[in-house]
Structures are given as structure tokens and as C-alpha cells.
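What follows is a single structure, written as C-alpha cells, with notes after it.
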Amino acid sequence: MKANYPINKFKDIDTPFYYYDLEVLRETLSEINNQIQDMPFLVHYALKANVNPKLLKVIKDAGLGADCVSGGEIQAAIDAGIEPEKIAFAGVGKADWEINLALDHDIFCFNVESIPELEVINELAGSKNKTAAVALRINPDIDAHTHHKITTGLNENKFGINMEDMGKVVSLLPTLSNINVIGVHFHVGSQITDMTVFQDLCVRLREIQKFFTDSNIQLKHFNVGGGLGVNYEHPNHFPIPDFEAYFKIFKAHVILLPGQTLHFELGRSIVAQCGALISKVLYVKEGVQKNFVILDAGFTELIRPAMYGAYHRIENLTSELPEEEYDVVGPICESSDVFAKDYYINKPRRGDIMAIRTAGAYGEIMASQYNLRELPKSYTSDELSPVDA
Ligand code: LLP
């Protein structure tokens, strides 16, 4: 089964470009809202996955908050109309201007990753006569069983404050008069498909709730980060991640007192499946050992295969010829510019249109201009009418 894309429209557009099916995005968001209705849950969309304003508008309209990791992302969230009281600001290295921007907008909360950062936010908030709402990012030391480059919740990673240092933080708090600790924050990694990881996180959360209650600190907000994985192999069969199974874990294993809220920072699971990178075949090259399909898109448009060895399904939208084996590569002058090796695809010809699927998250936003290439443009299903009859 291939995606139902407006191929006739694609033929008139210069490639490569990103195509976003906003119906898939809307259905994804409405499934999230279904699953969390009547619960004291708030989902913040992790802007790092994709800041395309056309997507941000749909996400904002669905009522989600934002999880930002830079001043640029805070500005993009605000420009998209997301209310500052729904914006969380995370990141191990917040610069002073970024902290000031967040303070000026009175955002919901800073997710703080170290003691020195707490001290700087306290000082900057003090000079504005403000109190900064803070969630302490705790490193829960949980193995997310995912790619090592996107694992974050182990003690060996640079993220968060270790539980052993929490006593030190708690004793420092009375001296930080411009900091109000309202919660704790975790994030253990990305593309997590083993649901027991989230169950382990809930167990750790309960231990931490007890630690703070015993320390006489009443927290209102618990933020369990993002990380829910998507199905890269079968995007047509699983266009919407299993949010029911995901939220069920938190409903079953987190105990919230009245007035307490559970926050989520989902990125990939919201936008990955709605996006595809659309590219044309430039050349089909028969090698000695292998045959190559050379596309006009490369790792400048989608770096995930080169950077993480990530798999993305590739469809030849304009060929029904029998499948043959190829290496699907880009035009960049580096041997890592490969989308897939030994890949079976409908026999390609010059000019065929390929869709590289599940590219809505960490695709367009990680594009570069290496080789002085242009950044990719984007089109949505709302802009291009459905498949012509
Ligand atoms: N919250 C925090 C603190 C994070 O660091 C991340 C992602 C998220 C939330 C969102 O996680 P998600 O729901 O998207 O898994 N470029 C890599 C992924 C890097 C993820 C970084 N942090 C990739 O292409 O796979």
C-alpha cells in the first residue's frame, strides 16, 4: 500500500520539498485530546521536532501547550499564538537573553537542569522583580532502550540533576528568593517503543513525590517529558501512535492529589507521520556490485538516516514496475549520504517521484545548507487539493 498523495500536484512543484498531510495531524491531535479528556493532563508540543508555522497553527488550535529549548522556539510558540502560561522552557544551556525573554513573557515554567542554572535564573528574575516558576529536571537513571544518541535519562548523560544532589538543592532553595519550585521534570529519551520504560518512569516519579513530601515541599506539577515512538516501518498501517496504551500507563501508575497536574512533552509522536520528504529521481546508476537510485534530496533535507542510521520507508509514487534492489542515495559529496541500502523499490526511472515517509519530526527542522543547497520548502494537504480525479 502506498500513501494517497496528490501526485499530479507534486509533478508541478520543484523538488525536494516537505509535504504535510494536515488531516493526519488533526486526527493525531484529536486522538490525544480524546485520551486525556477529563484528566488533569496537559500536553506540551515539543517544538524541537518541527517548527513549521503551518503545523504550529493546527497544534495551537487543538489546545496544546509548548515545550521549548531555545529563545527562538519560545518566540515561535508565541508567534503561533500559544499562550505563555502553557510554555515550558527546557535545555541544559539556557543563555541569559533566553532566560530574560522567558521571564518577560511570564512563561509557565523553566525546567532547570543544574544548581548553577538555578542561581542564574534567580539573579535574572530578581533584577526584574519577578519570581520564576521552576520545575527541577531530575535524571531518573532509567534506560530508555533506544538509540544511544537519543537516550537522555541515564546518569552518564549530561541532562538533569541527579537524585543524590537533590538534598543540596532543597537546602539551597530558601536562599533563592526569586525562584518558586512548582514541579519536577523528567525525560528519558526519544523513539521509545517499549512501554515498560514509561512504567518504570512512573515508579521513579512516585519515589520522587515521596521525597518532596518528606522534605515539606508541595509540588503541583509533574512533567514526564516526551519520547513516545512511532512506527517507521508501516506508516500507512499505523499513522497514529498508540496514545491509548501510552496514557493508560500514566492513568494507572501516577497518583495525583487534587490540584496537581501531569505534563507531557510529545514531539515525534505528534508530527512524524504527517510529514514526507518528496524528491525526484535524478539518475539510476548501475554499478558493479550494486545499483543506485540518486535522488535530488540528500542528508541536507533529512539527516536522520546518516546521523542515527534511522530507517525511513521509501515509496516510488510514480512506478508500478516490479520491485528491484537499490541503494537509495542523495547528491551530497559524502558517502554517508544514503537513505537506504539494499532497498527493494518499484523499479525507478529518471523523473520518478519518491516519498520518504515518517519525516515530519526532526526532518525539516534539522535541514542544513551544506554544499550551499537551498533549505527545503513545504506544502500542506490544505494547500494542494486531494488527488485529482
Ligand atoms: N522533552 C525533552 C526534554 C526532550 O529532550 C525531547 C527530545 C522531547 C521532550 C521530545 O521528545 P519526542 O517526544 O520527540 O521523542 N533528533 C532526534 C531526536 C532528538 C530528541 C531530543 N529530545 C531524532 O531525529 O531522532
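A few comments on the model shown:
- For segment 347-368, the count of residues that are open to solvent by 50 Å² or more (accessible area, probe 1.4 Å), under 30 Å from Tyr45 (Cα atoms) and either part of a strand (DSSP E or B) or out of contact with any Gly (no Cβ under 6 Å at 6 or more places or on another chain) (or both) is at least one.
- Residues of segment 86-112 that turn out to be within 16 Å of the ligand (Cβ to nearest atom) and open to solvent by less than 10 Å² (accessible area, probe 1.4 Å), as a count: 9
So that you can scan it fast, the table gives a plain yes or no per residue for (1) farther than 30 Å from Pro84 by Cβ; (2) aromatic (Phe, Trp, Tyr); (3) at pLDDT 90 or above:
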site: Glu117; (1), (2), (3): no, no, yes
site: Lys128; (1), (2), (3): no, no, yes
site: Glu164; (1), (2), (3): yes, no, no
site: Val170; (1), (2), (3): no, no, yes
site: Asn180; (1), (2), (3): no, no, yes
site: Phe212; (1), (2), (3): no, yes, yes
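- Which listed residue, of Leu136, Leu124, is surrounded by 15 or more Cβ atoms within 10 Å (Cβ to Cβ), farther than 27 Å from Asp242 by Cβ, at pLDDT 95 or above and within 15 Å of the ligand (Cβ to nearest atom): Leu136
- Helices (runs of 4 or more DSSP H) contained in segment 1-85 and holding at least 1 residues open to solvent by less than 10 Å² (accessible area, probe 1.4 Å), touching a strand residue (DSSP E or B) at 6+ places or on another chain (Cβ under 7 Å) and among the β-branched types (Val, Ile, Thr): 22-36, 53-61, 71-79
- Counting residues in segment 228-236 that are of a type in the set (Gly, Ala, Ser) and under 21 Å from Ala90 (Cα atoms) gives one or more.
- Count - residues of segment 295-322 that are within 16 Å of the ligand (Cβ to nearest atom) and either within 19 Å of Asn8 (Cα to Cα) or not in a loop (DSSP other than H, G, I, E, B) (or both): 5
- Residue satisfying condition, being among the β-branched types (Val, Ile, Thr) and either in contact with a Lys or Arg (Cβ under 6 Å, 6 or more places away or on another chain) or in contact (Cβ under 8 Å) with a residue 60 or more places away in the chain (or both), within set Ile107, Ile142, Ile78, Ile115: Ile142
- Within segment 358-384, residues that are free of Cβ contacts under 8 Å to residues at least 24 places away in the same chain have Cβ atoms under 6 Å from residues that are open to solvent by less than 70 Å² (accessible area, probe 1.4 Å) in these pairs: Leu375/Ala367, counting only partners at least 6 apart in sequence or on another chain.
- Matching residues in segment 208-232 - criterion: being more than 15 Å from the ligand (Cβ to nearest atom) and in contact (Cβ under 8 Å) with a residue 12 or more places away in the chain: Ile208, Gln209, Phe211, Phe212, Ser215, Ile217, Leu219, Lys220
- Taken over segment 233-258, the criterion of being over 18 Å from Thr358 (Cβ atoms) and away from the ligand (no atom under 16 Å from the Cβ) is satisfied by Glu244, Lys248, Lys251, Ala252, His253, Val254, Ile255, Leu256, Leu257, Pro258.
- Within segment 239-288, tally of residues that are touching a residue at least 12 places away in the same chain (Cβ under 8 Å) and either in a loop (DSSP other than H, G, I, E, B) or hydroxyl-bearing (Ser, Thr, Tyr) (or both): 14
- Count of segment 180-204 residues which are crowded, with 22+ Cβ neighbours inside 10 Å and over 19 Å from Arg268 (Cβ atoms): 3
The values are calculated or read from the model by the stated rules, or taken from the named source; none is laboratory data. Every value quoted in this text rests on a predicted model; they were computed, and no experiment measured them. When we count neighbours, we look across all protein chains shown, and the Cβ atoms used for this are built from the backbone with ideal geometry, even at glycine. Please note that ligands, DNA and RNA were not included when accessible areas were found on the heavy atoms of the full protein model with its side chains. Shrake-Rupley method; radii C 1.70, N 1.55, O 1.52, S 1.80 Å.
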